[in-house]
1. Once the other residues with Cβ under 9 Å from the Cβ of Arg76 are scored (Lys, Arg +1; Asp, Glu -1), what is the net sum?
2. Can you give the accessible area per residue of region 20-114, in Å², using a 1.4 Å probe?
3. For Ala78, which sequence-distant residues (separation of 5 or more, or a different chain) have an amide H within less than 5 Å of its own amide H, given hydrogens modelled in the peptide plane?
4. Work through the residues other than Asp94 whose Cβ is under 11 Å from its Cβ and net out their charges, Lys, Arg +1 and Asp, Glu -1.
5. How far, in nm, would the chain grow between Asp24 and Arg96 when pulled straight, counting 0.36 nm per residue and subtracting the alpha carbon separation?
6. With a 1.4 Å probe and every protein chain kept in, tell me what percent of the accessible surface of region 39-94 is carbon plus sulfur.
Amino acid sequence: MAKRQLHLLLIGLLSAGGAMAGPDAVLQLLDKKSCSGCNLQGADLVYAELQRAQLPKAKLQGANLGRANLSNANLRGADLTDASLQGANLHRADLRGAKLKGTDLRSADLTDARL
């Protein structure tokens, strides 16, 4: 599937599911791997390739980041309350100050992550 088609599919899924994440924020994240302070609440980012993504203070409550590649990502101060990071790659990710209440980290790779 072409990258543009994938982005449009994600926007459609976000809209249909009543998620609170704005499509512009999701596109910015997927295209630029940077979305400081963005509202990505409830975003469906399963299998997203977000290595080295810049997400400080991002609002990711209830987001699904299962199996996402977040290696070396900056998630300092991000709100990941009730988010799913099941099976995600968080190798060397910076999670200092992140809110992790209710976050599903089962099978996540937290090797050398900063917590």
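The values are calculated or read from the model by the stated rules, or taken from the named source; none is laboratory data. Quick caveat: nothing in here was measured; it's all calculated off a predicted structure. We place every Cβ from the backbone using ideal geometry, glycine too, and count neighbours over all the protein chains shown. Please note that ligands, DNA and RNA were not included when accessible areas were found on the heavy atoms of the full protein model with its side chains. Shrake-Rupley method; radii C 1.70, N 1.55, O 1.52, S 1.80 Å.
1. +2
2. 48 Å²
3. Those lying under 5 Å, H to H, from Ala78 are Lys57, Ala58, Ala98, Lys99.
4. Once positives and negatives cancel, what remains is +4.
5. Result for the pair: 23.3 nm of gain on full extension.
6. On the way: 860 of 2190 Å².
Whole-percent figure for carbon plus sulfur exposure: 39.
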